Amino acid sequence: MKKGLLIVNTGDGKGKTTAALGLSMRAAGHGLKVCFIQFIKGSWKYGELEAVKKFADTIDFHVMGKGFTWKSDDLEKDRVAARDAWKFAQAAMAGGQYQLVVLDEFTYLLMYGMIDLPSVLETLTKRPEGLHVVVTGRAAPPELIEIADLVTEMQPVKHPLQAGIKAQKGIEF
């Protein structure tokens, strides 16, 4: 049976975005067209931004967020940006040009009430039949987990920060 899958990478551990990037490269390697949308990450220079340029013919990468919204000075501006990014994602899912759409750090928009959960669930449930969608972020709501085909929960066991080792270029960003 072939079916577009709804995949959720959630949990408090590292690796949710990294797993989605790996899946995106795998899909691109098979000639599938990918739309990768980052909802939270803002103006930081992430390694994936440079790496994905090598896949420019198969992976469209969009940084739509304004940064870490829980530290924002203007939450209303962030809500508007979140709604605009969600409209963009809905168009990407409905447009027919992609076989995989990644909604990176999307659960935070749901957690902070920036996007209406029932409308998200409806959009994801009614997506085109062959479209694969990946949603990443901590604290995926139970309703999203319920409709997903594959859910992976990343759990921290040990982290270098516990030993005083700060985030390193090429590993964490």
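The values are calculated or read from the model by the stated rules, or taken from the named source; none is laboratory data. Because the structure is predicted, anything quoted here is derived from the model rather than measured. So basically every Cβ, Gly included, is an ideal-geometry build from the backbone, and we count neighbours across all protein chains shown. The area values use the complete protein model at the heavy-atom level, side chains included, leaving out ligands, DNA and RNA. Shrake-Rupley method; radii C 1.70, N 1.55, O 1.52, S 1.80 Å.
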Other-chain or far-sequence residues with amide H under 5 Å of ASP60's (modelled H):
VAL34, CYS35, PHE36
Which order do MET25, MET114 take by accessible area at a 1.4 Å probe, largest first?
MET25, MET114
How long is the gain from LYS2 to LYS33 if the chain were fully straight, where each residue apart is worth 0.36 nm and the alpha carbon distance is subtracted?
9.4 nm
Where in the chain are the helices, taken as whole DSSP H runs, whose Cα atoms extend 27 angstrom or more along the long axis and whose Kyte-Doolittle mean reaches at least -0.5?
75-94
Given H placed 1.01 Å from N in the peptide plane, which residues other than close sequence neighbours of ALA148 have an amide H under 5 Å from its amide H?
none
What's the extension gain from ALA91 to ASP116 if we count 0.36 nm per residue and subtract their Cα-Cα distance?
7.3 nm
Counting only protein heavy atoms and using a 1.4 Å probe, what share of the accessible area of the chain belongs to carbon plus sulfur, as a whole percent?
56 percent
What FRET efficiency comes out for the pair GLN168/ARG26, r = Cβ-Cβ distance, R0 = 22 Å, nearest 0.05?
0.35
What is the magnitude of the charge dipole of the chain about its Cα centre, with +1 placed on the Cβ of each Lys and Arg, -1 on the Cβ of each Asp and Glu, and no other charges, expressed in debye to the nearest 20?
500 debye
Leading residue at positive end of dipole, the range 25-173 (Cβ point charges), from GLN99, PRO128, GLY170:
GLY170
If you roll a 1.4 Å probe over the heavy atoms of the protein chains, what accessible area per residue do you get for the chain, in Å²?
57 Å²
Two-decimal ratio, the chain, of alpha-carbon radius of gyration to 2.2 N^0.38 Å:
1.01
If amide H atoms are modeled at 1.01 Å from N in the peptide plane, then the residues at a separation of 5 or more from VAL133, or on another chain, having amide H under 5 Å from its own are LEU5, LEU6, ILE7, VAL101
With each run of n ≥ 4 DSSP H residues scored as -39500 (n - 2.57), what mean residue ellipticity at 222 nm is computed for the chain after dividing by its residue count and rounding to the nearest 500 deg cm²/dmol?
-10000 deg cm²/dmol
How high is the relative contact order of the range 6-154, in percent, with contacts defined as C-alpha pairs under 8 Å that are six or more residues apart?
40 percent
